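The values are calculated or read from the model by the stated rules, or taken from the named source; none is laboratory data. Fair warning: this is a prediction, and the values are worked out from it, not measured in the lab. Note that each Cβ is placed from the backbone with ideal geometry, even for glycine, and that neighbours are counted across all protein chains shown.
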Amino acid sequence: MSRFFFDLDGVLRSLTAACGYDPQSWNEICHGLPVCEYINRNLGLLVSAPETEYCHLVAEKEITVLTVQPLHWIPYTRFWIEDHLPLATVKWCQHPSEKLEYMQEGDLLVEDYPHFSDYSKIIVIDRPYNRTVKPYKRVRTPEELKGILGDI
């Protein structure tokens, strides 16, 4: 039986919606700044960002979130997680590749990141910026993800 892990930003929390746009590429500019720089200047967005359309599927479940966050983002992100994912366990990763190292045989990661070297264990949340990757599975709707997750 597979264990499922979840990325945070782009999968469960929508920082881009908090910035007020829908990115078409990974390194897009937000209000004249790279997204991370815009958020660095507006750290409250990490707390007020809305849920993605997928978050409600796991909001009241005991899930594990694997997320890469700059250290100064973590206190704000903790508030968001406590409010939106109260039963979640969080593994704070230093680099995206650490997520794959954390996983064991049979585990799957629900993710939107477009730069992994291996997608054989990744369920990709379809976004314009990740359409060139070839994942284990690609989902385009919450209903598709719910079908894969079953009753976790």
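Annotations
Here is a yes/no grid of residues against (1) crowded, with 18+ Cβ neighbours inside 10 Å; (2) hydroxyl-bearing (Ser, Thr, Tyr):
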{"site": "ARG41", "(1), (2)": "no, no"}
{"site": "HIS56", "(1), (2)": "no, no"}
{"site": "THR64", "(1), (2)": "no, yes"}
{"site": "THR67", "(1), (2)": "yes, yes"}
{"site": "ILE74", "(1), (2)": "no, no"}
{"site": "THR77", "(1), (2)": "yes, yes"}
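- Scanning region 15-74 for residues that are over 27 Å from THR89 (Cα atoms) and among the hydrophobic types (A, V, I, L, M, F, W, C) yields ILE29, CYS30, LEU33.
- Looking only at region 36-63, residues that are touching a strand residue (DSSP E or B) at 6+ places or on another chain (Cβ under 6 Å) and in contact (Cβ under 8 Å) with a residue 60 or more places away in the chain come to 1 in all.
- Whether a residue is surrounded by 14 or more Cβ atoms within 10 Å (Cβ to Cβ), in contact with an Asp or Glu (Cβ under 6 Å, 6 or more places away or on another chain) and either of a type outside the set (S, T, N, Q) or without any contact (Cβ under 8 Å) to a residue 12 or more places away in the chain (or both) was assessed, and ILE122 passes this test.
- Cross-chain or 6+ apart pairs with Cβ under 9 Å, region 69-92 first and closer than 15 Å to VAL47 by Cα, then polar (S, T, N, Q) and assigned to a strand (DSSP E or B): THR77/THR67; ILE81/THR67
- If you go through region 22-39 and pick out every residue that is of a type outside the set (A, V, I, L, M, F, W, C) and surrounded by 14 or more Cβ atoms within 10 Å (Cβ to Cβ), you end up with 3.
- For LYS146, the criteria (1) charged (D, E, K, R); (2) within 19 Å of CYS55 (Cα to Cα); (3) assigned to a loop (DSSP other than H, G, I, E, B) hold in every case but one, which is (3).
- Residues that are surrounded by fewer than 19 Cβ atoms within 10 Å (Cβ to Cβ) and among the hydrophobic types (A, V, I, L, M, F, W, C) were ranked within region 91-102; the one that is farthest from ASN130 (Cα to Cα) is TRP92.
- Inter-residue pairs, beta-carbon under 6 Å, first surrounded by fewer than 16 Cβ atoms within 10 Å (Cβ to Cβ) and in region 139-152, second modelled with pLDDT of 95 or more and assigned to a strand (DSSP E or B), 6+ apart: ILE152/PHE4
- Residue within region 50-73 that is β-branched (Val, Ile, Thr) and modelled with pLDDT under 95 present: no
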